[in-house]
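A short write-up of the structure that comes next.
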C-alpha cells in the first residue's frame, strides 16, 4: 500500500519520466516562542491539482511543477501561495541537491544542510513573501532502509531539524513586516505514480517533539473497503537516532465534523513498544491552520501515559483522497493557476 524509505538518500530525485509520476519535497517548522509556523513544498508534478487530475493518465510532471508555501501566526494563516512555474530546475550531483521552482530555491549541501530562498513576487501581485531559511538536520542517516511496498513512497529524511531564518511580508512591493524565525523543523519527500489510484481513502500524518531530545512521527491509514488499517510510527532521538515503534497501534478518537464537512478524529492514541518499553501517547488537535474540501492541516499537542501534557506543538495533516476523486470537489478547487 505504501513504501517507506528512511535516510538522507531519500532526497535523491527518483521518479521515472512516465506520465502520472510525481515527487515533492516537504519542509515544516514551528517557532514556539513567537507562535509561528511555516510549510514549504516543492512539486515535481502536482497530484492534488485539478488540472493534473484532468490530464491523467497523460499528466506529465514537467508541466505541473511549482510550489506551495504557507505562513501561520497565532493559529491563523497569514500568507499562502500555490504557483505553477515553467521556470524550474532539479539537479542532484556529488551529494548536493538543487531544486528551483520560479523564484523559490532549495539547496542541500554535501553536509546535509539546507538553504531555502523564497520570493513569490510577480508583477501586480497584491501580497508576496520574501524569505531565507536554513534547515539543519539533527539526525542524519546515510543508510537507505525500506519498509513495505506500494505505488506511493514516503521518504522520511530529516525528522528533527533546527530551522532558522527571516521572512518579509509585502503588499505589492512594499514590505509590511519583517520577522525573525527560530524553531524546530522537519523534512521528508514523497513520490509515486498517481496517488489517486492507490487503495486508500484517507490518511493522518503528523510529527511532534516530545521533549528537547525526541520527536514522534506517525502515519495512519484508517481501514476502508479495500484494505485493513495501516499504522506506523517512529521516535527520532538525538542520541540514539531513528527507531521504529514496534507493535504500533493507532486508534482514532472523538470524531468531529469540519467546516468542509469532513469527519476527522480530534485526537488519536498511539500505542507500541521501543526496546521492550511500552509507549502510549494521546495526540490532541490544538488549532486548525488550514481547512479545505479534501485537506486539513492543524497544530497538535501530546500527552504521555501519565496524562502529562508535553509543552510543544507539532503539525499534523489529514488527507481525504476519496473527496479529491469527486468531480464536484475538483471543480470547487479549480481556480486560475498562476504560471510564473
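Table for the structure above
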| item | result |
| --- | --- |
| Index of the failed condition, residue 234 passing every other in (1) buried (at least 16 other Cβ atoms within 10 Å of the Cβ); (2) closer than 27 Å to residue 45 by Cα; (3) out of contact with any helix residue (DSSP H, G or I) (no Cβ under 9 Å at 6 or more places or on another chain) | (2) |
| Verdict on residue 92 being over 29 Å from residue 180 (Cα atoms), part of a strand (DSSP E or B) and in the same structural domain as residue 11 (by TED's automatic domain parsing) | yes |
| Total residues in segment 321-335, condition touching a residue at least 60 places away in the same chain (Cβ under 8 Å), outside any helix (DSSP H, G or I) and either over 20 Å from the mean Cα position of the chain (by Cα) or farther than 9 Å from residue 294 by Cβ (or both) | 2 |
| Any chance residue 177 is at pLDDT below 95, in contact with a strand residue (DSSP E or B) (Cβ under 7 Å, 6 or more places away or on another chain), in a strand (DSSP E or B) and surrounded by fewer than 16 Cβ atoms within 10 Å (Cβ to Cβ) | yes |
| Those residues of segment 21-52 which are surrounded by fewer than 19 Cβ atoms within 10 Å (Cβ to Cβ) and either part of a helix (DSSP H, G or I) or at pLDDT below 95 (or both), in sequence order | 50, 51 |
| Given (1) touching a residue at least 60 places away in the same chain (Cβ under 8 Å); (2) touching a strand residue (DSSP E or B) at 6+ places or on another chain (Cβ under 9 Å), number of the condition residue 127 does not satisfy | (1) |
| Some residue of segment 55-75 being at pLDDT below 95, loosely packed, with under 15 Cβ neighbours inside 10 Å and within 18 Å of the chain's Cα centre (by Cα) | yes |
| Scan of segment 273-320 for residues that are farther than 22 Å from residue 212 by Cα and assigned to a strand (DSSP E or B), ordered by number | 287, 288, 289, 290, 291, 295, 296, 297, 317, 318, 319, 320 |
| Some residue of segment 302-319 being closer than 17 Å to residue 52 by Cβ and surrounded by 14 or more Cβ atoms within 10 Å (Cβ to Cβ) | yes |
| Identity of the residue in segment 127-149, assigned to a loop (DSSP other than H, G, I, E, B) and under 19 Å from the mean Cα position of the chain (by Cα), that ends up farthest from residue 239 (Cα to Cα) | 140 |
| Output for segment 254-272, where each listed residue is surrounded by 13 or more Cβ atoms within 10 Å (Cβ to Cβ) and in a strand (DSSP E or B) | 264, 265, 266, 267, 268, 269, 270, 271, 272 |
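The values are calculated or read from the model by the stated rules, or taken from the named source; none is laboratory data. In this text the structure is predicted, and so the values were computed from the model without any measurement. Please note: Cβ atoms are built from the backbone with ideal geometry, for glycine as well, and neighbour counts cover all protein chains shown.
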